Amino acid sequence: MMTIIWIRTIVMMTPQKTFKLSLLLTLLTALLTSIGVQAQNARKSLPMNIFTYEGIYELTVPDTQTTRSAYGGKLRIYDAHIAKMFEVTYQDCLQFPNAAREWYYYAGNGNINMGTFYITCDLARDIVSAYGLGTPQNTKITFDQGGGDYGPPRTENLPIPTLNLNGGKEQKWINFAKNFKPVSR
């Protein structure tokens, strides 16, 4: 019944109204297509725990095989974890721009030491400049308050923009991540 009313309304429209309706449908289609492309480009959140205290971060993940594909393509879980370190560092550098961040990276729920990585704010800014930022991803971070008078750790779910690793940038990132070595293991 609704379809018949809709068709009857379109048939009875003037040429100006038909043009406006056509323009509106074109714009709506473009908007929906754009939203669909953004959704496709958004990376899914991988399971991880991030803990921080005064510029020192610990990234602990359940994965024991970090060389597996992260999202069904060439990007490995390891590459996505390194990207997350840069994304969080960049966001933190917006507030504290002159410090460096030390990242302790553990796989297998903390049983596999993947190494300690050192990321300066300058390096994080250079990476964001090279790759750009994509859709923010809610990232759970636990902040140690220092205990005592400062209170217990607090956990926040922060919208951290992701690195844009789409298109030709994916292979470039994979190469970078392979060569970005830990300072110690």
Among the residues that make up region 129-148, is at least one of them assigned to a loop (DSSP other than H, G, I, E, B) and more than 23 Å from Y53 (Cα to Cα)? yes
Which of the residues belonging to region 47-56 are within 24 Å of K169 (Cβ to Cβ) and open to solvent by less than 20 Å² (accessible area, probe 1.4 Å)? I50
Looking only at region 62-108, count how many residues are open to solvent by less than 60 Å² (accessible area, probe 1.4 Å), within 17 Å of A177 (Cα to Cα) and either of a type in the set (S, T, N, Q) or in a loop (DSSP other than H, G, I, E, B) (or both). 6
Hey, does region 102-114 have a residue that's at pLDDT below 95 and in contact with a Lys or Arg (Cβ under 9 Å, 6 or more places away or on another chain)? no
Go through region 139-154 and give me each residue that's open to solvent by 50 Å² or more (accessible area, probe 1.4 Å) and at pLDDT 95 or above. K140
Every residue in region 132-171 that is touching a residue at least 24 places away in the same chain (Cβ under 8 Å) and farther than 15 Å from E87 by Cα, please. T142, F143, D144, G146, P153, N166, K169, E170, Q171
Within region 45-66, count every residue that is closer than 24 Å to T135 by Cα, at pLDDT 90 or above and among the polar types (S, T, N, Q). 4
Subset of region 117-127 [more than 19 Å from N164 (Cβ to Cβ), open to solvent by less than 10 Å² (accessible area, probe 1.4 Å) and part of a strand (DSSP E or B)]: F117
At pLDDT 50 or above, β-branched (V, I, T) and under 30 Å from L158 (Cα atoms) - does that describe any residue in region 31-43? no
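The values are calculated or read from the model by the stated rules, or taken from the named source; none is laboratory data. Since this is a predicted model, take the numbers as computed values, not measurements. Counting neighbours? That spans all protein chains shown, and the Cβs are built from the backbone with ideal geometry, glycine included. Areas reflect the complete protein model, heavy atoms only, side chains present, ligands, DNA and RNA absent. Shrake-Rupley method; radii C 1.70, N 1.55, O 1.52, S 1.80 Å.
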